[in-house]
């Protein structure tokens, strides 16, 4: 009987993870205006999602990301360079807005995540796609 209960719980958890992963497949894109040197991006952090999930900008731009945590729990925003070096990692207290500055010195893909346990796995990630300077 104990094995059946454990199996049922594992099956339920697996179904939940697959369901959440399926919901995470749609990108929400923010595109910075061409030629803009400083770009303000409004972002929302909710339960296991960032909005937008993709930010498109150009090399040399400065992003001011205003992150509003609309969730009832704390998150964080960790941004890595194309070489996977952490550029910044800031706490996002529940119900608050934090502004993060990112200087896009090189072209490539900058990943961002909430690195709290299981948050990235459940879909709390995105990327900044940086095109070469026009």
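The values are calculated or read from the model by the stated rules, or taken from the named source; none is laboratory data. Worth saying up front: this structure is predicted, and the values here are computed from it rather than measured. Cβ sites come from the backbone with ideal geometry, for glycine too, and all protein chains shown count toward neighbours.
Being out of contact with any strand residue (DSSP E or B) (no Cβ under 6 Å at 6 or more places or on another chain), modelled with pLDDT of 95 or more and either surrounded by 13 or more Cβ atoms within 10 Å (Cβ to Cβ) or over 24 Å from residue 36 (Cα atoms) (or both) is a description that does not apply to residue 66. The set of residues in the stretch 99-120 that are exposed (fewer than 14 other Cβ atoms within 10 Å of the Cβ) and outside any loop (DSSP other than H, G, I, E, B) comprises 99, 101, 103, 109.
Just one residue in the set 94, 71, 57 is outside any strand (DSSP E or B) and surrounded by 14 or more Cβ atoms within 10 Å (Cβ to Cβ); that residue is 71.
Just one of the numbered conditions (1) surrounded by fewer than 19 Cβ atoms within 10 Å (Cβ to Cβ); (2) in contact with a strand residue (DSSP E or B) (Cβ under 7 Å, 6 or more places away or on another chain); (3) not in a strand (DSSP E or B) is not true of residue 123: (1). On the given criteria, is residue 88 in a strand (DSSP E or B), at pLDDT 95 or above, surrounded by fewer than 16 Cβ atoms within 10 Å (Cβ to Cβ) and within 15 Å of the chain's Cα centre (by Cα)? Yes.
Only one of the numbered conditions (1) under 14 Å from residue 129 (Cα atoms); (2) surrounded by fewer than 14 Cβ atoms within 10 Å (Cβ to Cβ); (3) at pLDDT 90 or above is not met by residue 34, and that is (3).
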